[in-house]
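Have a look at the structure below, then the notes.
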Amino acid sequence: MNSVDLVKSLCKFRKIPISRLEKDLNFSNGYIGQLKKGTFPDDRLKQIAEYLGVTVNYLLGNTDLVMCPICGFGNNPLSEHSELEHLEFHQKFLNLKQKYPFLMNYSDSKKNQLIAIEELRTHHNPEKRADIFMKYFQALYSQELQMNGYEEIYGMSFNSLCERQIDRTLAHSNSYDGINPETIDWLNKKYNIKYNSNVVMENSKYYINDDTAKAAQEIFENKELRVLFDAARDASPEDLHTVHSMLMALKRKERGDYDEGC
């Protein structure tokens, strides 16, 4: 559908008369029906997008989904089922945000996570680093809650996530993303993050093999890896071999390595 058709479809779906849209936006009566090429001037396209609560990109036909700027849900504005799912997801987000005011949607949390990592490269003051680490922890916990459908996570409080991350970064205390005792003290003073290194180390080091521990941490931090890992749990060995072969073929294609062998 072109832009004009999309606007007409949205208005019909939401039971908004075209004449009312034209009047509310100070367009001349019958203006939309006179657009034979199916396109709007840029300024009017933006007006209509804001009025209908969608994006310009959606009205241009570049995407079928509109991302909610608050909860991050990808909603299809022309699907009643999607609209209901969005309302439920959005309400769960708002309810949980009352308990965790720092809660952010997945897209914003990834941005904040990357910003925090960059800031850790340039700031060396322990108090300032404590502030940055707190932003980093909040971004990670927001991602965990989003992966859990904005439901409370059994066995993982915000403090426990902070402790686990502190425990991991202690091993890199001399690198840019490391944490030292002074920074931990500031986390305790300013944010009441209680950390007992002996207890956490004892409880968390259940991976005997260091490579296994590293792989588990990568899966924990990477949403896409977690999706693949979860999908692989109940897959047959044959299916896993097929997926592995496909991924290896894609990697060879990216490298331009076209192996003619078997």
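The values are calculated or read from the model by the stated rules, or taken from the named source; none is laboratory data. Computed from a predicted structure; not experimentally measured. No Cβ is skipped: glycine too gets one built from the backbone with ideal geometry, and neighbour counts run over all protein chains shown.
Scanning region 153-182 for residues that are touching a Leu at 6+ places or on another chain (Cβ under 8 Å) and modelled with pLDDT of 85 or more turns up 153, 161, 162, 165, 166. Look at region 117-142: where a residue is closer than 10 Å to residue 183 by Cβ and a partner is polar (S, T, N, Q) and crowded, with 16+ Cβ neighbours inside 10 Å, sitting 6+ places away or on another chain with Cβ atoms under 7 Å, you get 126/183; 129/183; 130/183; 133/183.
Applying a threshold of 7 Å to beta carbon distances and a minimum spacing of six or more residues, or different chains, the list of pairs starting in region 30-41 at a residue that is under 23 Å from residue 57 (Cβ atoms) and ending at one that is of a type outside the set (A, V, I, L, M) reads 31/22; 32/22; 38/2; 38/3; 38/5; 39/2; 39/3; 40/3. Out of 100, 106, one residue alone is in contact (Cβ under 8 Å) with a residue 60 or more places away in the chain, hydroxyl-bearing (Ser, Thr, Tyr) and either within 30 Å of residue 134 (Cα to Cα) or in contact with a helix residue (DSSP H, G or I) (Cβ under 6 Å, 6 or more places away or on another chain) (or both). It is 106. Can you tell me which residue is surrounded by the most Cβ atoms within 10 Å (Cβ to Cβ) among those in region 1-48 that are on the phi > 0 side of the Ramachandran plot and small (Gly, Ala, Ser)? Looking at residues that are on the phi > 0 side of the Ramachandran plot and small (Gly, Ala, Ser), I get 38.
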